[in-house]
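I have placed the structure first, in the form of structure tokens, so that the comments after it can refer back to it.
Readers should treat all values here as calculations from the given coordinates under stated rules, not as data from a laboratory. These numbers were taken from a predicted model, which means no experiment stands behind them. No Cβ is skipped: glycine too gets one built from the backbone with ideal geometry, and neighbour counts run over all protein chains shown.
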Amino acid sequence: MQPFLKYVRGYVKEAILAPLFKLLEACFELAVPLIIAFIIDTVIPHSNHSQLVAMILLLVLLAVIGVIVAVIAQYYSAKAAVGYTKELTEDLYKKVLSLPKASRDLLSSDSLLTRLSSDTLQIQTGINIFLRLFLRAPIIVFGSLIMAFSISPGLSVYFLMMIALLFLIVSLVSVMASKFYALMRSSLDRLVGQVRETLTGIRVIRAFGQALREITVFQQLNQIYTREQLTAGFWSSFLSPATFFIVNGTLIVLIVQGRLIVGQGLLNQGKLVALINYLSQILVELVKMVMVISTLNQSFISASRINEIVEQESEDIEQPFSYSSISTDWILVAQDVSFAYPKAAENALTALSFRAKKGEFLGIIGGTGSGKSTLVDLLLHLYPVEPHHLSLFKPDGHSPVNLKEWREQFALVGQQAQLFSGTIRSNLLLGKQSASEDDLWQVLEMAQAKDFVLEKGGLEASVEAFGRNFSGGQRQRLTIARALLQQAPILVLDDATSALDYLTERRLLDAISHLPDRLLIMISQRTNSLAQADQILVLDQGKQVGLGSHEDLLVTCAIYQEIDQSQHGQEVSHEL
């Protein structure tokens, strides 16, 4: 938990003042039973009205001061908790963005989302309660114990026995509850994942009439989460009645024994009332302590989950590569590239070799699961690749010096068109912040998006989250325009034209396929889309089964022939 300590430095003052003011409040409360005992034993028997009024005014003054210091303590504890969590969440968010793809895949986006939101909020709640109550409760409990000893050492033995027994019960229950709180967090990850998946694919779910199935799956996960909550709640709720039972039992013993001692003249009635008041204060604080321990158990579990992310090694995109090379002919060279996912039984890619020049059009095709998107991940160095297997060269002929420079050579348009809430202009400027108005319209025209952008109202037209107010084809063309604006030497279209009709796709490819300063790498399921490519890489189950032009592959590659024939056969039957 060492990384969490650095956030305390900015809130040392608040972390000290909050419990200090709680200490003052506790001292005022501890003084009240003694004042009441003085009133009962001294003021009332002597009918001293002026002194009675003075004592009552003193009690009111202590109450007012207690409220003031309690509010101040609450302010400082809340400020420390919110500020601490704010800095923690910001650093955690940066950490998540800096994680390598393998680590993000291992943790899962659903779990990361829960840790960034629910777990950080739980830590904030734990800090707030800790500063307000966890230090106050021991002060009241042990302060009441000391006061009780000063009044009657004999009766105070029952206080000691009560506190020892409660401490044992609280320890045992906390251990049991912590195990189920950890299970609850894991179940919440799965529940959030199910909800996110359902909301993302709600159109497909409705189209296939699977709403009832999704409801059933959600209910099953929710039942598991509820069962774990109930179990944890059972153990936590056991503390409160156990506390009341033990404290009230002690109260009965105290009253019985106190009556005998008062009858023997060894103790005044006022002091017995003071002992009962101190016992009541202990009861209240122990009940609060039970709540604090339950909350802190959950906070520690949340902290350990966040610590799992913090301990992950970040991806250093500026660390210099240990190799460098120069090429004036090629921009991308792959030689015997192989890759296996962590813990996978076999390779996802095996012995891929190809070369591409600036201004060329490289196509990649293959069946589902053949490794096309995996190859894109390797090209962008999202997974590590040995330098002698994959080489990249900038326009000046030198290889990139670090991972940041490597990725700057690529402009990627993924399978899912990613748009963000804002405007068309703000989404395009993600590709290049300094782009001019003419640059924006130029790339929109190249991406065949100019017409519908004008119809929508121009560059300031609103874009909803995920581009929900645009069709699939419109989203794809906007993301292609954004990638073109980046002007990277290599443009990668990972099945990024699947929602376009053939005519629009043909116009798009005519505009971008042979730009003199760029290499176009296009992954597609359509042989027609890749027909004008300089070379096409054919993949099958992670292996390279063909490399050549469209015409060459129709003669030499059986897999490519099969793909082409199946697509043209579908077109013919459709026309008939």
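Here are the numbers:
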| read-out | value |
| --- | --- |
| Listed residues M147, G10, V195: farthest to the positive end of the dipole of the chain (Cβ charges) | M147 |
| The stretch 486-571: equivalent-ellipsoid semi-axes (sqrt of 5 x gyration tensor eigenvalues, Cα, Å) | 22, 16, 12 |
| Rounded, prolate or oblate (a/c below 1.5 giving rounded, otherwise prolate when a/b exceeds b/c) for the stretch 373-433 by Cα gyration tensor | oblate |
| Nitroxide proxy distance, nm - points 7 Å out along Cα→Cβ at A102 and L23 | 5.1 |
| Two-decimal log10 I(q)/I(0) for the stretch 137-282, as the Debye equation yields it once each C-alpha is a single scatterer, q = 0.12, 0.20 Å⁻¹ | -0.65, -1.10 |
| Normalised alpha carbon radius of gyration of the stretch 442-521 [divisor 2.2 N^0.38 Å] | 1.07 |
| Value of [θ]222 nm, deg cm²/dmol, for the chain, DSSP H segments ≥ 4, -39500 (n - 2.57) each, nearest 500 | -21000 deg cm²/dmol |
| Translational diffusion of the stretch 150-223, µm² s⁻¹ [Kirkwood Rh, Cα pairs; Stokes-Einstein; 4 °C; 1.567 mPa s] | 78 |
| Reduced Cα scattering model of the chain, Debye log10 I(q)/I(0), q = 0.07, 0.11 Å⁻¹ | -0.64, -1.10 |
| Chain lengthening between E313 and D517 when straightened (0.36 nm per residue, less Cα-Cα) | 69.8 nm |
| Sorted by Cβ neighbour density within 10 Å, fewest at the top, the residues L191, L392 | L191, L392 |
| For L349, residues with placed amide H under 5 Å, excluding near neighbours | F339 |
| Hits among aspartates and glutamates - C-alpha to C-alpha of K450 under 15 Å, sequence gap 8 or more where chains match | E437, D438, D439, E460, E505 |
| Flagged links, alpha-carbon separation over 23 Å, of K357/K394; K6/K79; K94/K179; K358/K432; K343/K372 | K94/K179 |
| Residues in the stretch 344-378 that a label on Y323 would reach, taking backbone N under 19 Å of a point 7 Å out along Cα→Cβ | 349-357, 375-378 |
| Calculated on alpha-carbon atoms, Rg and Dmax of the stretch 422-576 in Å | 17.4, 51 |
| Cα-only radius of gyration and Dmax that characterise the stretch 418-487, units Å | 10.4, 28 |
| Computed FRET value (nearest 0.05) for E197 with N528, which takes r as the C-beta separation and R₀ as 35 Å | 0.60 |
| Pairwise FRET efficiency - K357 versus Q415, Cβ, R0 = 35 Å, nearest 0.05 | 0.85 |
| Phi to ³J(HN,Hα) by Karplus 6.51 cos²θ - 1.76 cosθ + 1.60 over the stretch 145-156, Hz, x for Gly, Pro | 5, 5, 4, 5, 4, 5, 8, 8, x, x, 6, 5 |
| Loop-resident sites, the stretch 332-387, for trypsin sites (Lys or Arg not before Pro), counting at most 15 other Cβ within 10 Å (DSSP) | K343, K357 |
| Added length on full extension, which subtracts the Cα-Cα distance from 0.36 nm per residue, L165 to F466 | 102.6 nm |
| Mean shadow area of the stretch 2-310, taken as a quarter of the surface of its Cα convex hull (nm²) | 20.6 |
